[in-house]
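Novice: What follows is a structure written as structure tokens; I'll ask about it next.
Quick note: the coordinates plus some simple rules give every number you see, no bench work behind them. Keep in mind that what you see is a predicted model, and the values were worked out from it rather than measured. As a convention, Cβ positions derive from the backbone with ideal geometry for all residues, glycine included, and neighbour counts pool all protein chains shown.
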């Protein structure tokens, strides 16, 4: 087994800085090519885009001294890349996803699938979620391989994260013997601000449902039937408002909060230290007003408390102007973010029961579920992550939770074990609020990429130094 060198310093540090400087153009070129492939998993322009992306990703590894396999699934393929050193060395796995959200060109200031460069900021769909962070981690791994850091670095690049990772479990279940690892690191989370690095320690779960109501065969003239015909949109809106309070956000489903595990005192103390700013949060997300302006209450709401949100309602006359009909069908699209100890299936049954007491004609269909997830909060992997982030960005990170969900992580812990226990997972995210996750004019910037390369290199060094129990 090769001797293990201390963390890069002196000439080694100079080599890393030179590598970053020499590879900036490579990063921009790679991100440009990745953004140009419109891997919209929810509504792909054509299925071959995912094959195109998989082949491009495979070529990245093969031209950088690594190997890569394209693994077909019943949906979009998964790319498994590897920088291998020795079977005697520890293995770390980096997870990212290469599919993206849809993008409506009219709400962008430039073509969302053509990278627009404004100084050191890069605009395009997928730039920060999650192609930019994926490319950042990849470049750090290629440097680690070049420097012969005694570590096997595996990448799992998924292309269905934005649609709930619906074929990921079959992939992991089939390939689990090839995916053995000592730890997993995820770079698909968001900081509070550019001034304060953070490490997320957990993700909320998810329950998505569609409510439908049909009160007649077709829409009818309100002058002839108004006051007699049942209005499907009105009744559905009434039901939704009896499921939750739209002004406060409180969920009104009996038993909904019963098993919701509140944040610990230590977690709340970490929240207080994270540098969160109410005014900056409001500005970054372009809100006119919010349900709360209390700092700690706001942090609890977005990270550690369950939610109920209505995302769309369909029915009646959807075009411009008013068409005086009484709608006979309506549909509401709803999601609930869930916290530790809440079971999505149990919440679904509570929802159905309460809905039946409100309006027996409304049907509810489960669209997607995902259990809440907790990463490591102590131990070697967390310590290495904190050291790495401090090395990359010059400031010790604080710990928060993440309000979103990543469907692949519960699956990876379900099938991948270390000494009989679920594989430990930590988060090294790089995205910022102003990067516009899922928003028009999504972007990434070179400062985060440069610091991210340094961060991941340090993480790989620390991982190689760790005395893993075999």
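Novice: If we sort 422-429, 246-253 on the protection proxy, mean other Cβ atoms within 10 Å, highest first, what's the order?
Specialist: 422-429, 246-253
Novice: Same structure, new question: Give the whole-number value, in cubic angstrom per residue, of the convex hull volume spanned by the C-alpha atoms of the stretch 261-305.
Specialist: Enclosed volume per residue, from the Cα hull, is 66 Å³.
Novice: Also: Of (i) 23.8, 86; (ii) 26.9, 86; (iii) 23.8, 80, which one was derived for Rg and Dmax of the Cα atoms in Å from the structure shown?
Specialist: Of the listed options (i) 23.8, 86; (ii) 26.9, 86; (iii) 23.8, 80, (i) comes from this structure.
Novice: What Kirkwood hydrodynamic radius, in Å, does the stretch 346-398 give when the mean of 1/r is taken over all pairs of distinct Cα atoms and then inverted?
Specialist: 15.2
Novice: If contacts are Cα pairs under 8 angstrom and at least 6 residues apart, what is the relative contact order of the chain in percent?
Specialist: This gives 25 percent for the chain.
Novice: Enter the mean projected area of the convex hull around the alpha-carbon atoms of the stretch 210-272, in nm², rounded to one decimal.
Specialist: The directionally averaged projection comes out at 7.3 nm².
Novice: In addition: Let me make sure I get this right: for the stretch 295-349, a, b and c are the square roots of the gyration tensor eigenvalues over alpha carbons, sorted descending. Under 1.5 in a/c it's rounded, otherwise prolate if a/b > b/c, else oblate. Which is it?
Specialist: oblate
Novice: Taking the radius of gyration and the Kirkwood hydrodynamic radius from Cα positions alone, what is the Rg/Rh ratio for the stretch 283-388, to two decimal places?
Specialist: My calculation of the ratio gives 1.10.
Novice: Order 80-91, 290-301 from most to least packed using the mean count of other Cβ atoms within 10 Å.
Specialist: By packing density, highest mean first, the sequence is 80-91, 290-301.
Novice: Sort 459, 123 by Cβ crowding within 10 Å, fewest neighbours at the top.
Specialist: Taking fewest neighbouring Cβ atoms as first place, the list is 123, 459.
Novice: Here's a follow-up. So for each of 256-263, 150-157, 71-78 I average, over its residues, the number of other beta carbons within 10 Å; can you give me the resulting order with the highest mean first?
Specialist: Taking the mean over residues of other Cβ atoms within 10 Å, the ranking is 150-157, 71-78, 256-263.
Novice: Okay, next question. From the C-alpha gyration tensor of the stretch 327-470, pull out the three semi-axes of the equivalent ellipsoid (sqrt of 5λ each), sorted largest to smallest, in whole Å.
Specialist: Three semi-axes, in Å: 39, 22, 11.
Novice: While we're on this one: Across the stretch 146-252, what fraction of all alpha-carbon pairs, as a whole percent, falls in each successive 5 Å bin from zero upward?
Specialist: Here the calculated profile for the stretch 146-252 is 2, 7, 10, 11, 11, 11, 11, 8, 7, 7, 6, 4, 2, 1, 1, 1.
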